[in-house]
1. Output needed for the range 110-159: three equivalent-ellipsoid semi-axes, defined as square roots of 5 times the C-alpha gyration tensor eigenvalues, in descending order, whole Å.
2. Report the percentage of all Cα-Cα pairs in the range 105-194 whose separation exceeds 21 Å, rounded to a whole percent.
3. Using a 1.4 Å probe, how large is the accessible area of Val44, given in Å² and rounded to the nearest 10?
4. How would Ser92, Ser186 line up by accessible area, probe 1.4 Å, largest first?
5. Restricted to Cα positions, what overall size does the range 63-216 have along the principal axes? Three whole-Å values, descending.
6. Place +1 on the Cβ of every Lys and Arg and -1 on the Cβ of every Asp and Glu in the range 60-168, take the dipole about the Cα centre, and give the residue among Ser145, Ala112, Gly74 whose Cα lies farthest towards its positive end.
7. Where does the Debye-calculated log10 I(q)/I(0) of the range 1-147 sit at q = 0.12, 0.18, 0.21 Å⁻¹, using only Cα point scatterers of equal weight, no solvent?
8. At 1.4 Å probe size, with the rest of the protein present, what percent of the exposed accessible area of the range 56-203 is carbon and sulfur atoms?
Amino acid sequence: MVVLDDDPTGTQSIADLPVLTHWEVADFTWAFEHIARNGCKPAVYVLTSTRSLDPTEAAARNAEVVHNALAAAGSPEADADSRVPLGFVSRSDSTLRGHYPLEPDVIAETLAELTGEETDGVVPVPAFPDAGRVTIGGVHYVRGSGRSLTPVAETEFAKDATFGYTASDLAHYIEEKSNGRIAAASVIALDLNIIRAGASTEGLHGEPDISAEAIADAIDGASDATPIVADIGASAAATASAPSRPGDCGRPGETPVPGGGPNLLWNTHITEHPPAGAGCIDAPCWTAAPATSSVGSSTPALRTDGTHGRRSLICSHHLLTISH
């Protein structure tokens, strides 16, 4: 997994991963060999610092990183044993500041150009629960010192001179930042009714396969980099003061249970030890997918019958790639 990190703060939340400040082919070759030789977690951070660049420079740097990483990984026609399977992650800001949707667009376009692989869905994941940034009912919130949650567009972050915005609802944020190219109505929403679809079944953790199927069905129509937004919370502390709306975030004060159970927590941080029973989609994340793939593997999750064997680029804050 290659993480393109647009700001130096991103590397403060990781451990035991190679971090590159240069991204020549030789740098990626060293990183991939280091991971294989030392049995490290299969990910490398690339400190691009593109948040400080103008859009043209940021786009060029993203394309260069993807091109060089793919070159170091080996030709798609090469023997599988000699090729490094890659997924790409575009890491940005949990308060919605950064070159979005430019950077994930460039990554997807470069992948299509160099490998022929198309991106069906782009999933913005701005949540950072430890810092009080959560998404509830498709709206992104920031928790203040009094533990109350404020829609992010009503905070000082939205007034940023370079990356300012007016929408807290992620679908409308996407429409705003794409200058209308992506309509809010076209964004697929994964609310907790979908994510916790297996919660009503018997058993301590419900039926994670039911939740996985519900998510797969919800994103089935994704094509041509359709944005997909998901509700992401952390704990009762993060949700107790959030607005409660039918069909959005469940009961105030409810504590999500991480892992493949009904109270699903999507956690986009690099996690050394995922919870027992958590399914992973080619990256260290907690999802409703059945536990059929391991961290960093290229084994398809969600469904293994080929109906959802697609590439889905997940982006914003810690960004993950579903790469099948």
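The values are calculated or read from the model by the stated rules, or taken from the named source; none is laboratory data. This one's a predicted model, so the numbers in the text were calculated from it and none came from an experiment. For neighbour counting, all protein chains shown are included, and Cβ atoms are generated from backbone atoms with ideal geometry for every residue, glycine included. Note: areas computed on protein heavy atoms with side chains; ligands, DNA, RNA excluded. Shrake-Rupley method; radii C 1.70, N 1.55, O 1.52, S 1.80 Å.
1. Semi-axes (√(5λ), whole Å): 33, 11, 9.
2. So the portion of pairs separated by more than 21 Å is 42 percent.
3. Using a 1.4 Å probe on the heavy atoms, I get roughly 0 Å².
4. Accessible-area ranking of Ser92, Ser186, largest first: Ser186, Ser92.
5. Ordered largest first, the range 63-216 gives principal extents of 55, 51, 30 Å.
6. So the residue we want is Ser145.
7. Evaluating at q = 0.12, 0.18, 0.21 Å⁻¹ gives log10 I(q)/I(0) of -0.54, -1.11, -1.38.
8. Answer for the range 56-203 is 48 percent, counting heavy atoms of protein chains only.
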